[in-house]
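Quick notes on the structure that follows.
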Protein chains: 2
Amino acid sequence: MKQNALYAQSGGVTAVINASACGVIETARKHKNKIGKVFAGRNGIIGVLTENMIDTSRESIRDIASLRYTPGGAFGSARHKLKGLDENRAEYERLIEVFKAHNIGYFFYNGGGDSMDTANKVSLLSHRLGFPITCIGIPKTVDNDLPVTDNCPGFGSVAKYIAISTQEAALDVASMAKTSTKVFILEVMGRHAGWIAASAGLAGGKHDAPHIILFPEIAFNERAFLSRVQACVKRYEYCVIVVSEGVRHASGRFLAEANTLDAFGHAQLGGVAPTLADLVRKGLGYKYHYAIADYLQRSARHIASKVDTNQAYAVGKAAVEFAVKGENAIMPTIVRHSDKPYRWSIGKVALSRVANREKMLPRRFISRDGFRITTACKRYLSPLVRGEDYPPYANGIPAYRTLKNVAVEQRLHDEFVIG
Amino acid sequence: MKQNALYAQSGGVTAVINASACGVIETARKHKNKIGKVFAGRNGIIGVLTENMIDTSRESIRDIASLRYTPGGAFGSARHKLKGLDENRAEYERLIEVFKAHNIGYFFYNGGGDSMDTANKVSLLSHRLGFPITCIGIPKTVDNDLPVTDNCPGFGSVAKYIAISTQEAALDVASMAKTSTKVFILEVMGRHAGWIAASAGLAGGKHDAPHIILFPEIAFNERAFLSRVQACVKRYEYCVIVVSEGVRHASGRFLAEANTLDAFGHAQLGGVAPTLADLVRKGLGYKYHYAIADYLQRSARHIASKVDTNQAYAVGKAAVEFAVKGENAIMPTIVRHSDKPYRWSIGKVALSRVANREKMLPRRFISRDGFRITTACKRYLSPLVRGEDYPPYANGIPAYRTLKNVAVEQRLHDEFVIG
C-alpha cells in the first residue's frame, strides 16, 4: 500500500521554490503510513528520465527546514518540455518505468503551465498503463501567469524586489538629477505578461516614481514614450522608467530583438534597456543610466515576501495532503477572499484547466495612457509583497545551506537518451 | 560666538550618506551653545553657490532620525568639482560670501576626494579673507578609494549587496545549468578601483562562486579569460563572473568603451557585461545571461551593512565633535584595530593628505592569476559587510521618509552663475 513519492522542480527557479519543496517533504514525513521516501529528480525531470534521483530521506530535519529560506532549486531544475503523448510517448513511458522500478506512487511536479500539462499526461498514461500514479502539480512561476490561482508562488518576492529596487533607485536619481543622470531605466523580466513590470508601481515614493512602466501587453509607441519622458524631466528634473523585457512594437517585434542573438542565432532578450536608453539619447539628449535585474530579481531571497514564502510552503504542503486524501491530477491554488485585510486559503483545480493557458495583466490594471498601473492593480498586488521573511545570516551573508543530495541507487540498467 | 553650520552632500549618493547627515544634525543639536542652525545645500554645493539652502531646524526629531535608514541624498547632491583657487576664485569667494551672509562658521562637506580638496581650499581661503570657517570633510564613497581611512562609509553596504546578489544568482544558475544558462555575468561599479568587484568574493557559496572576478587593476586578457570560463563550465557545468565596469585592455582602453557614447560623444561606461557576453558567445557558444546592478547596488538600503550604517553615522557625529573642539581642515577616519573580532574607532587626518589621492585594490588582495581575491582580501572585506540594519516597512515596502526641506530665506540678491 505504501509508496514512494517523486518531487521535481521545473523551469526557471525562484526565491521560494524550495519553500514548496520544504512543504512537500515535511508534510510527506508526517504521512509515513502512506508515503515512503520522497525522491527528488536531479535537475528536475531530466533526472527522472535518466534515473538520476536524490534520496531526500538522507537529509536532516534541519537541512530540510533550511529549504524554506534558500533560493534557487535545491535539487536542480530543468528547461525540458515533454511534448504531446503521441509525439513523445517514449519519454512518458520511461517516466512510468522509472516510477515502477522505484515504487513511486506520487508525483509532485513544481512548475508552470507546461509542467502542469506534463503532470496531467503522466496521470492519464499511468492509469492507461495499469500503474496509476497520483499526480499533483505545484504552482511556481515568477511570471504570475498561471490561470485560476489568484497568484503564483515566486511572483510576490520578485514583485517586492522590483518595487523596492525601483523605490531605492528613484531616491538615488532624484538626489543627483540637478547635475547628473536624468533618466533611469530598470529592465525586468516578463516576456509575455507584464505582472513583474507592474509591481514597480508599488514603489510609490516621492514624485510618484516610477513615472513610466512599459508592459508587454501595450504596443510600444516611440513618440508617446519620448514625449512622456520629456514632460517628466521638465516636471521633476528626472524620469524613472521600468520596462518589461517583453515589450514589443505594434508589429509584434520585440524592442530588444535586434540587439541580442544567441550562439544559435535565436533572439535572446535582455537588451531592451539599452535600446530605450539609445532612443532617449538620440531623441532627447538626456544623461541616462540603466540597470538590468535579470536573475538577481528571481533569486533575491534576502528580501522575499513573507506572504510569498508562506504560500509557497502552503501549496507544497497542500499537494501532499490532497494526494494522501486520494485527489489526483489537480493543482493547489491560492484563493483570495479579501484584499483588506488580505485573506487567502488553498483551493484546487484540475490540471487540465491550467495546462498551457497564460494569464495576462488585465487591461483594467493598466492606466488608460498605458504607462502606469491602476488603483485596482495596486489593490491586487499590494498584499502579495507584504511582510519580510529574512533568512539567517552568518558574517553578513545569508547562511543558505546546500543539501547532501545523495543519489538513489539505480535499478534500471539501460541508458535513456533524451530526445 | 555661536555660528550656524552648513552641511552639503557631494558626488554619487550611497545607501548610507544620510546616516552621516543624521550624525551631523543630531550631534549639532546637542551643541546649541556653539552651533546655531544646521543648513543644508540644496543639491549640494550648487545650492550654496546659488544661495538655495535648506533649514534642517524645521525638521522634526523623528524625521531627522529617519535619515539613518533612508538611501539617496536627502537634500540633493551634485557632481560639481570646484577647480583650483586661481582658476576658479569666484566660486570660492562666493561660498564665503554666502557663509558670511548666513553667519555660517562650520562647513561639513560629505563626499570623496574632490570634496576633501574643496573643503581644504575653503578653509585656507576663508582664513585669508578674514572670515575663518571651520571645514571638516566627511568621507563617503562606494568606491572605497579614499586614502588613510581604513574604509569609506557607503562601501560596506554596496559590498554586502554585491556579495549577496552574487551568492543568490549563483544558486539560481547552478540549479539551471544542466539545460539552460551556463555563464552568468554581473556588472558592478568601480571605474578605477576594484573594491566593489572584489566584494563579490565574499559570496562563498557552493562550487566556490564567483569563479571569475575582473578588476580594473588587472589588464584584461581575452584568451586567459575564455580558457578560464571553459574550464569552469567543464568542472561545474556553469560559470559565474563578476566584472567591474572599469576593466581595461592592456592598452588602457575600457572594454566597454566602444559600446556607449553619450549624447555629447563622451564614453559612458556600463556596457562591459554585454561585451563579455559577446566574447563568450563567439568564443565558446555557451548560453549566457547578464545583470547590470548600476544604481541598485548603491541605493540598496534594504540590505545595508550594520557596520556601514554605524560608521556612516559615526563620521558625521565625529565631524561635529571635532569642529566644536576647534579642529579644522580635517576628515574623520575609520581606524581598524583588529579583524577578528573586528574593532574600530574614529581617527582624523588632515584634508590635505586625502585630497585627490586614490587607494587602489592592493595587488596582494588579488590572486596570482588575477581572477580571484586572496585570503588577506577576505579578511579585510568581511567585517565591513557584517550585520543587517533593516529599515522599517509599511505594506511590504520600506517606509523611507521625505523631509520637508524648507528653504532658508535668501539674503544676497544677486544671481550667481556657476561656471
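Where in segment A:342-372 does the amide nitrogen come within less than 19 Å of the point 7 Å from the Cα of residue A:234, taken along Cα to Cβ? What the label zone holds, given the 19 Å backbone N cut-off, is A:369, A:371. Between residue A:414 and residue A:128, the distance separating the two model label sites (each 7 Å from Cα on the Cα→Cβ line) works out to 1.9 nm. Write down the accessible area per residue of segment A:42-99 in Å², having rolled a 1.4 Å probe over the full set of protein chains. Accessible area per residue, segment A:42-99: 36 Å². For residue A:237, what is the net charge nearby, where nearby means another residue's Cβ is under 11 Å from its Cβ and Lys, Arg count +1, Asp, Glu -1? Result for the local shell: +4. Bridge orientation summary for chain B: considering DSSP beta bridges with both residues in this region, about 35 percent are antiparallel. Among A:248, B:253, the sequence by solvent-accessible area, most first, with a 1.4 Å probe is B:253, A:248.
Taking label positions 7 Å along the Cα-Cβ direction at both residue B:402 and residue A:345, the computed distance is 4.2 nm, reported to one decimal.
Return one whole number: the accessible area per residue of segment B:310-419 in Å², for a 1.4 Å probe.
Value returned for segment B:310-419: 52 Å² of accessible area per residue.
Among beta bridges from DSSP that stay inside the protein assembly as shown, the antiparallel ones total about 35%.
For segment A:202-222 versus segment A:48-102, the inter-centroid distance based on Cα atoms is 39 Å. For the peptide B:156-168, the mean number of other protein chain Cβ atoms found within 10 angstrom of a residue's Cβ is 4. Only protein heavy atoms count here; under a 1.4 Å probe, residue B:165 has an accessible surface of about 10 Å².
Hey, any idea what the orientation-averaged projected area of the convex hull of segment B:22-106's Cα atoms comes to, in nm²?
6.1 nm²
Here segment B:57-109 is assigned +1 on the Cβ of each Lys and Arg and -1 on the Cβ of each Asp and Glu. Its dipole about the Cα centre then comes out at about 180 debye. Counting only other chain Cβ atoms within 10 Å of each residue's Cβ, the peptide A:286-292 averages 6.
Note that segment A:102-188 shows a convex hull volume over its alpha carbon atoms of 113 Å³ per residue. Shielding of peptide B:175-187 by partners, expressed as the average count of other chain Cβ atoms within 10 Å per residue Cβ, is 6. Computed from backbone phi with θ = phi - 60° and the Karplus coefficients 6.51, -1.76 and 1.60, the 3J(HN,Hα) list for segment A:387-399 is x, 10, 9, 5, x, x, 10, 9, 6, x, 10, x, 8 Hz; x is used for glycine and proline. All Cα-Cα separations within chain A were binned at 10 Å from zero, giving a P(r) of 5, 22, 29, 23, 14, 6, 1, 0, each value a whole percent of the pairs. Shown for chain A: cysteine residues without a partner Cβ closer than 4.7 Å, namely A:22, A:135, A:152, A:377.
About its Cα centre, the protein assembly as shown has a charge dipole of approximately 1500 debye under the convention of +1 per Lys or Arg Cβ and -1 per Asp or Glu Cβ, with nothing else charged. Working ranking of peptides A:205-213, A:323-331, B:308-316, A:279-287 by packing, defined as the average number of other Cβ atoms within 10 Å per residue, highest first, is B:308-316, A:205-213, A:323-331, A:279-287.
Contact residues in segment B:296-319 by the 50 Å² criterion (accessible area, 1.4 Å probe, full protein complex versus chain alone): B:296, B:299, B:302. The slack in the chain from residue B:93 to residue B:368, taken as 0.36 nm per residue of separation less the alpha-carbon distance, amounts to 94.0 nm. Distances between equivalent label points of residue B:251 across the copies, with each point positioned 7 Å along Cα→Cβ, amount to 3.5 nm, shortest listed first. The candidates A:245, A:257, arranged from most to least accessible area with a 1.4 Å probe in the full protein assembly, appear as A:257, A:245. Within the assembled protein chains, the solvent-accessible surface assigned to residue A:344 is about 80 Å², based on a 1.4 Å probe.
Express the carbon and sulfur contribution to the solvent-accessible surface of the protein assembly as shown as a percent, rounded to the nearest whole number, probe 1.4 angstrom. The nonpolar share, carbon plus sulfur, comes to 48 percent.
In the protein assembly as shown, Rg over Rh equals 1.00, where Rg is the alpha-carbon radius of gyration and Rh the Kirkwood radius from pairwise Cα distances.
Close amide-amide hydrogen proximity is noted between residue A:186 and A:241, A:242, A:243, A:291, each under 5 Å apart and 5 or more residues distant or on a separate chain (H modeled in the peptide plane; Pro and chain starts excluded). With its label point put 7 Å out from Cα toward Cβ, residue A:278 sits 1.0 nm from the same residue's point in the other copies, in order from shortest.
What value in Å³ per residue do you get for the convex hull of the alpha-carbon atoms in segment A:2-159?
Taking only Cα atoms, segment A:2-159 has a hull volume of 105 Å³ per residue.
Compare the peptides B:32-42, A:45-55, B:224-234 by average per-residue count of other Cβ atoms within 10 angstrom and give them in order, highest first.
Averaged packing, sorted descending, gives the order A:45-55, B:32-42, B:224-234.
Normalised by the number of residues in chain A, the mean separation of alpha-carbon contacts (under 8 Å, six or more apart) gives a relative contact order of 23 percent.
Long hydrophobic helices in chain A, taken as whole DSSP H segments with a C-alpha length of 15 Å or more on their own axis and mean Kyte-Doolittle hydropathy at least 0.0: A:17-28, A:155-176, A:272-284, A:306-324. For chain B, the 222 nm mean residue ellipticity estimated from helices alone, with every DSSP H stretch of n ≥ 4 adding -39500 (n - 2.57) and the total spread over all residues, rounds to -10500 deg cm²/dmol.
Summing both sides, how much accessible area is buried between A and B? Use a 1.4 Å probe and give Å² to the nearest 100. Using a 1.4 Å probe, the pair buries roughly 6000 Å².
Taking segment B:108-229 as the region of interest, the number of lysine pairs whose Cα atoms are within less than 22 Å, with members eight or more places apart or on different chains, is 5.
The values are calculated or read from the model by the stated rules, or taken from the named source; none is laboratory data. A quick note: this is a predicted structure, and the numbers were derived from the prediction, not measured. Please note: Cβ atoms are built from the backbone with ideal geometry, for glycine as well, and neighbour counts cover all protein chains shown. All accessible areas refer to the heavy atoms of the entire protein, side chains included, with ligands and DNA or RNA removed. Shrake-Rupley method; radii C 1.70, N 1.55, O 1.52, S 1.80 Å.
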